[in-house]
1. List the pair-distance distribution P(r) of the range 575-618, using every Cα-Cα distance, as the percent of pairs falling in each 5 Å bin from 0 up to the bin containing the longest distance, rounded to whole percents.
2. Show that you can apply the helix-only estimate: for the chain, add -39,500 (n - 2.57) for every DSSP H stretch of four or more residues, divide by all residues, and state [θ] at 222 nm to the nearest 500.
3. How high is the relative contact order of the range 1-99? Use alpha-carbon pairs under 8 Å, at least six apart in sequence, and give a whole percent.
4. How do ARG144, ARG373 line up, fewest other C-beta atoms within 10 Å first?
5. For the chain, what is the relative contact order in percent, using Cα pairs closer than 8 Å and at least 6 residues apart in sequence?
6. Starting from a Cα-only point model with no solvent, please compute log10 I(q)/I(0) by Debye for the range 668-774 at q = 0.13, 0.17, 0.18 1/Å.
7. Note down, for the range 88-135, the three equivalent ellipsoid semi-axes (square root of 5 times each alpha carbon gyration tensor eigenvalue), biggest first, whole angstrom.
8. To make sure I understand, if each residue's beta carbon is the centre and we count other beta carbons within 10 Å, what order do ARG126, ARG469 fall in, fewest to most?
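What follows is calculated from the coordinates using simple rules that are stated; it is not laboratory data. Given the structure is predicted, the values throughout are model-derived calculations rather than measurements. Reconstructed Cβ throughout: ideal geometry from the backbone, glycine too, with neighbour counts over all protein chains shown.
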Amino acid sequence: MELDFNRDWLLMKEDGSSCHVNLPHDAMIHEQRSFSNRNGDKTGFFPGGKYVYKKEFSLDSRSSDEQIIIHFNGVYGRTKLLLNGQNVGNHLYGYTPFDVDITDASVDGQNVLEVIVDNTLVPNTRWYSGSGIYRMVTLIRRDRTHIDDVRINTVCINPPTIHVSCNMKNANVIIIDADGKIVAEGPLGDLVIENANLWSSKTPYLYTCQISTESEYVEKKFGIRELKWSSEKGLTINGQVEKLRGGCIHHDNGVIGACAFKDAEYRKVRILKEAGYNAIRSSHNPCSESLLDACDELGMYVLDEAFDGWYMPKNHHDYSRVFWDEYKSDLSTMVERDYNHPSVIIYSIGNEVSEVGTEEGIKLASEMTEFVRKLDSSRPVTCGINIMLTVWAKQGMGIYRDEAEYVAEPLPELDYVEEKKSGSAFFNALAQKLGSLMSTQTKTKKAGVVVDGIAGSFDVLGLNYGQCRYDMELKNHPERILLGTETYIGDLAYNWSRVMSSNVLIGDFCWTAMDYIGEAGIGAWQYESSKEMPLLAGSGAIDILGNADAQNGFQKVVWGLEDIYIGVRPVNMSSQKVLKKAWRFTDAIPSWNWPGYEGEKAHVEVYSNGSYVKLELNGKTLGKKRVKGYRTDFVCKYDKGTLTAISYDLLGKELARTVLSSGHGISELSVKAEKKNMKANGQDLNYIILESIDEAGIWCPADEKELTVSIEGPAVIQGIGTAKPYSNRSFTDNAQKTYQGRCQIVIRSLYEPGEVTIHIKTADGMDKTVRMDVM
């Protein structure tokens, strides 16, 4: 029996303050950002902290044959657990789930659990991590002898055959289809499912496997899919060659921080799928199981990544300090948890690990790959190798070095200064200065030594920013399966041409699909008026609210999902100087509605799979240009009306056209809730989208409004904010200013039914009300 254990915890902070919270809960998002904390731009200037989560609960009718487990899906920070004052467990890695057995320490009646989360040893991450119990918790009561280790594997698809195993040899199996019909049953072992629906990104069909004994039964969702990889065909799913239109994502969920609500994870995957992606990389850590459930249901392939680093530090307090003691346990936890998820098609054991340039690192890579294969031989293993970073590390550059013997103690705070970069951050800093020139180093002899040394350690050679080496690898090593594990979106035209023309280059994962908190400013173009604190990376093709920009429009055209796209750089910023960043090739957005900026310079970008593009404004031709790398650029004066882009082939035949229009009238604040009602389960989220529109209903990105939000009824504001990359605002502050005309409010239900009313008031006198029922 599994029970919701997320309700009514007491959170106590170091300053003596306390409050009641429901889980999941991210303590970091509630902290005051500051230039003086040691996390710096890594977390968007959010500090760490130490927190105690306390829960009182009652256990009745316990039997001597019963085992009582508390399952944590994820706690960020060094974690110690006390039950009735007795230490019942510890956990170090913030991204792996873990169980705590409280059978012997618990008592009949009232019990007190304390979860002590220490995230004061910072910096320990290169991006926003969150703090505390940010994933869900479950109380499990079961027999000491119980069904466990359930594995469901596709044996073949002709005929469709699965193999079901678990620790209970006398268990029975029933397979149920999506309509609730029994399609197979029998003992453990092989089962044939006649006329089975196969799982893939295009057809994500899920079955339910019921495994039962005389005393219990468990259910597992699964998909029937055949996964193969070879140098002849590359990657195939159910016998069909699959090319991965991939995007890297971090684990935060925008304005609600690190909290891994099922609704938030599902919404994220849905948005990514609608944006054209068929694969995501869980950069650079195990994702939540809720995210994998969403990927299974919606049809999103997953590159399942274990670690950002190994034993060489990337910053002072990171995972490297405990790597040798913990990595096997954490790696096996990830693989064993994720085995039955059909969406998981590749494992990654690391990201930009400079160790692979050493004999010790190569040996470790091979050992880790073999370790994963013994746990699961049905999926290939890769690692995101940054060739340039590894070459530099071999020469002593970009390596983090302790100034004194490492001590696991908090560092003193200091006014923010640009710290000496190491590891991946060193690469980021150089990329900003050198741009695309850096990638040419992947073609040197030293780079070849690195690649040849490590390639044999993996089933798939993953390359971060290694596109300049693709042609060499394809020519000289046709036996190697390649994957662009991390790339610039601006390089997609070249990268995708190589993917589509080669069997062994199986896909491309851009940095990043969705924007994220932390690594603040690596992609966000900085205008001279941007004086606020860096908050977001600003590199996503989709912003933290879920809105796609021109980078995603470019991707869709290159991938062949759309024929033509218009993007316009913010006309209201065209007179300002701008500092462009390496991880964003454009800041254009799909809007031609800039009232008050008539006559200002407008930079228009048109992406097309044609040979020529003509741009018209109100029927007047502004120019016709040859398409290069799917892209044409125009500069004109902004004027209201209709902007039309038309693409042509070499013979002048029209292929496609698209338009952007300006509107008219006074702007209004549109308020739309994604759900009509909510469930009274303490976990349901409702996203409320605020957007400035004019009388024609057209988005007004230059119209920014100061607003305040309040709520009444059995729900709370889980987060509120915008996609502004440089901002001093807090996601917990009910007073906000829209950015590019937009703001997002995330409402969380409580456990009681009733009517919820949200009031939105703007400084210019608008008053909006949203009502919904919590049921």
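1. Cα pair-distance distribution for the range 575-618, in percent: 5, 12, 22, 25, 19, 13, 5, 0.
2. -4500 deg cm²/dmol
3. Computed over the range 1-99, the figure is 20 percent.
4. Placing the least packed residue first, the sequence is ARG144, ARG373.
5. It comes to 9 percent, rounded to a whole number.
6. These q points yield log10 I(q)/I(0) values of -0.45, -0.75, -0.83.
7. Taking √(5λ) for each Cα gyration eigenvalue gives 28, 11, 9 Å.
8. ARG469, ARG126
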